[in-house]
Amino acid sequence: MARIGIFFGTDTGRTRLVAKQIAKKLGEDAAAPANIGRTTLDEFLAYDALILGSPTLGDGELPGQSVGLAQPSWEEFLPLLADCYLAGKVVAIFGLGDQKNTRKNSSTPSASSTMPWSRAAPGPSATGPDCVKTVNENR
Ligand SMILES: Cc1cc2nc3c(=O)[nH]c(=O)nc-3n(C[C@H](O)[C@H](O)[C@H](O)COP(=O)(O)O)c2cc1C
């Protein structure tokens, strides 16, 4: 199994294209990029290294159904991580946005600030109903 998981959300497909370019550069170390809206928690937690991509949509928001996407995306997936044990995972985030036309809500700071990676420090084991896997259980 590849060591690096690449997951993306997207509306019009650009973030998927960037994810594919990153995967191509990484070669066999990386799995094929997967749409986070079609990813299970088990699939996500199976990797110790994660590359996560998101556009900024709405008014500086993550993609998801509240900003008009037909399918679930980061907005729906992130709450699943609330009780997960993320210690030890290496996470990189890339963001797409239109800084020229939506400068006040530029992509990287707004979207990424809502991701829970500040909790990647040691914390309680996963016990919540939405997360039954710890990092170690997935190895
Ligand atoms: C409805 C809508 C809202 C957007 N809102 C923002 C925003 O608040 N800030 C920003 O930087 N870019 C914004 N953008 C630009 C997108 O983030 C940018 O076009 C991105 O490349 C789209 O990626 P995707 O093709 O993966 O969906 C918005 C685009 C759309 C269509």
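The values are calculated or read from the model by the stated rules, or taken from the named source; none is laboratory data. This is a predicted model, so every value here is computed, not measured. Glycine gets a Cβ as well: all are built from the backbone with ideal geometry, and neighbour counts include every protein chain shown.
Residue pairs whose Cβ atoms lie under 7 Å apart, separated by 6 or more positions or on different chains, with the first residue in the range 3-26 and touching a residue at least 12 places away in the same chain (Cβ under 8 Å) and charged (D, E, K, R) and the second away from the ligand (no atom under 13 Å from the Cβ) and part of a strand (DSSP E or B), are R3/A49. Exactly one residue out of D59, D42 is in a helix (DSSP H, G or I) and more than 13 Å from the chain's Cα centre (by Cα), and it is D42.
Considering only residues in the range 36-60 that are touching a Phe, Trp or Tyr at 6+ places or on another chain (Cβ under 8 Å) and hydroxyl-bearing (S, T, Y), the one that is surrounded by the most Cβ atoms within 10 Å (Cβ to Cβ) turns out to be S54.
Kindly evaluate D83 against the criterion of being of a type outside the set (A, V, I, L, M), in contact (Cβ under 8 Å) with a residue 24 or more places away in the chain, out of contact with any Leu (no Cβ under 6 Å at 6 or more places or on another chain) and within 16 Å of the ligand (Cβ to nearest atom). So that I can check it myself, show each step before the final result.
Values: of a type outside the set (A, V, I, L, M): yes; in contact (Cβ under 8 Å) with a residue 24 or more places away in the chain: yes; out of contact with any Leu (no Cβ under 6 Å at 6 or more places or on another chain): yes; within 16 Å of the ligand (Cβ to nearest atom): no.
No.
Can you name the residue in the range 62-97 that is part of a loop (DSSP other than H, G, I, E, B) and touching a Gly at 6+ places or on another chain (Cβ under 6 Å) and, of all such residues, is modelled with the lowest pLDDT? Only one residue tops the list, namely D83. From the set of residues in the range 7-34 that are part of a strand (DSSP E or B) and within 16 Å of L81 (Cα to Cα), which is nearest to the ligand (Cβ to nearest atom)? That would be F8.
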